[in-house]
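The values are calculated or read from the model by the stated rules, or taken from the named source; none is laboratory data. Remember, predicted model here, so these are calculated numbers, not experimental data. Please note: Cβ atoms are built from the backbone with ideal geometry, for glycine as well, and neighbour counts cover all protein chains shown.
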Amino acid sequence: MIIDAHTHVGVRTDIDYMDVSHSPEDQIKLMDECGIDRAVIMLYADPPGTHEGYRRANDRAAEIARNYPRLTGFAQVDPRHPSALEELERAVKKLGLKGVKLYPNHWMFADHPIVFPVVEAAIKLDVPVMIHSDWNNKFATPNKVVRVARLFPEATIIMAHMGRYDPDLIHFIPDVAKEAENVVLECSCTTEHTYLYKKICDLLGAERLVFGSNSPMYHPLLVLRKLKLAGLSREEESLVLGGNIARILKIE
């Protein structure tokens with residue numbers, strides 16, 4: 001089974017250099033074209049980075065997941081808002097969403113104390129926390145994501161993009177991530193250094209890496225091809241392409 005651990009659905013309104021509109025039907029069609037069985041979806045929020053926007057996005061993510069069983073929804077919350085924990089509990093217990101995505105760019109540093117109650121709540125709700133990461137963004141460097149993981153070893157922290165596409169710093173990801181065994185690296189938006197995926201499997205274990213595309217911004221075939229070129233064993237490939245995220249999300 002191939003599971004894309006990072007996709008988006010909806011209309012993105014916070015960028016002006018391209019038109020991003022991606023329906024559930026578009027996502028299913030893309031998955032069929034790429035041989036992908038299931039996908040994790042995060043809804044583009046409107047207004048972006050706001051409690052109101054995230055609440056509506058969570059409702060829509062749950063609705064889509066109900067109507068399209070191949071799509072699994074993640075919640076989003078604004079840690080600054082006094083109702084953030086209440087919204088996360090609603091999203092998981094009432095709406096049935098299977099994880100929470102944090103995007104520090106919209107509010108504060110990834111390891112700011114305002115994040116900690118959200119991570120603690122996710123631990124109690126038994127869902128993973130996905131955190132956006134980017135070597136070139138002071139709010140969300142991989143080091144900050146790893147610090148959160150070290151502070152909360154009971155949490156499952158998925159580092160989205162594993163630092164993104166910095167060709168000089170991406171090489172340090174295995175060494176940074178090894179400091180926290182509860183960090184899982186998600187490989188969308190990364191460079192063409194295909195050896196890196198094999199290095200992660202060798203140094204950290206194949207169970208620490210998951211396939212994600214960040215579609216529709218990036219095409220899933222780009223990442224699938226890079227993983228194929230990495231020279232993973234059949235067992236490693238099976239874990240990375242679907243086994244790991246299925247275990248984390250308790251997908252049969």
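Per-structure values
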quantity	calculated
Test result for ALA160, modelled with pLDDT of 95 or more, out of contact with any Gly (no Cβ under 9 Å at 6 or more places or on another chain) and within 22 Å of ALA75 (Cβ to Cβ)	no
Residue that is farthest from the chain's Cα centre (by Cα) [pool: residues in the range 49-88 that are among the hydroxyl-bearing types (Ser, Thr, Tyr) and under 17 Å from HIS132 (Cα atoms)]	THR50
Residue selected from the range 21-47 under the condition of a type in the set (Ser, Thr, Tyr) and part of a loop (DSSP other than H, G, I, E, B), by the criterion nearest to LEU71 (Cα to Cα)	SER23
Residue match in the range 155-162 (condition: under 27 Å from GLU192 (Cα atoms), in a loop (DSSP other than H, G, I, E, B) and in contact with a Pro (Cβ under 6 Å, 6 or more places away or on another chain))	yes
Yes/no for PRO128 being under 21 Å from GLY73 (Cα atoms), touching a Ser or Thr at 6+ places or on another chain (Cβ under 6 Å) and touching a residue at least 12 places away in the same chain (Cβ under 8 Å)	yes
Candidates LYS144, LYS93, filtered to the one that is surrounded by fewer than 24 Cβ atoms within 10 Å (Cβ to Cβ) and closer than 24 Å to MET217 by Cβ	LYS144
Selection count, the range 133-154, where residues are of a type in the set (A, V, I, L, M, F, W, C) and assigned to a helix (DSSP H, G or I)	5
Residue count, the range 222-250 (criterion: closer than 14 Å to ILE3 by Cα and buried (at least 16 other Cβ atoms within 10 Å of the Cβ))	14
Hits in the range 187-205 (condition: of a type in the set (S, T, N, Q) and either touching a Phe, Trp or Tyr at 6+ places or on another chain (Cβ under 8 Å) or buried (at least 23 other Cβ atoms within 10 Å of the Cβ) (or both))	SER188, THR190, THR191
Only one of ASP78, ASP32, ASP37 that is touching a residue at least 40 places away in the same chain (Cβ under 8 Å) and not basic (Lys, Arg)	ASP37
From LYS144, LYS94, residue being free of Cβ contacts under 8 Å to residues at least 12 places away in the same chain and either among the aromatic types (Phe, Trp, Tyr) or more than 24 Å from ASP4 (Cβ to Cβ) (or both)	LYS94
Some residue of the range 63-86 being in contact with a strand residue (DSSP E or B) (Cβ under 9 Å, 6 or more places away or on another chain), part of a helix (DSSP H, G or I) and more than 18 Å from ILE41 (Cβ to Cβ)	no
Output for the range 210-243, where each listed residue is under 17 Å from HIS22 (Cβ atoms) and either in contact with a strand residue (DSSP E or B) (Cβ under 8 Å, 6 or more places away or on another chain) or acidic (Asp, Glu) (or both)	GLY212, SER213, ASN214, SER215, PRO216, MET217, PRO220
Selection from the range 17-37 of residues that are modelled with pLDDT of 95 or more and either under 13 Å from ASP4 (Cβ atoms) or of a type in the set (Val, Ile, Thr) (or both)	GLN27, ILE28, LEU30, MET31, ASP32, GLU33, CYS34, GLY35, ILE36, ASP37
In the range 164-186, residue surrounded by the most Cβ atoms within 10 Å (Cβ to Cβ) [restricted to those that are at pLDDT below 95 and over 11 Å from PRO142 (Cβ atoms)]	TYR165
So LEU88, is it of a type outside the set (D, E, K, R) and buried (at least 21 other Cβ atoms within 10 Å of the Cβ)	yes
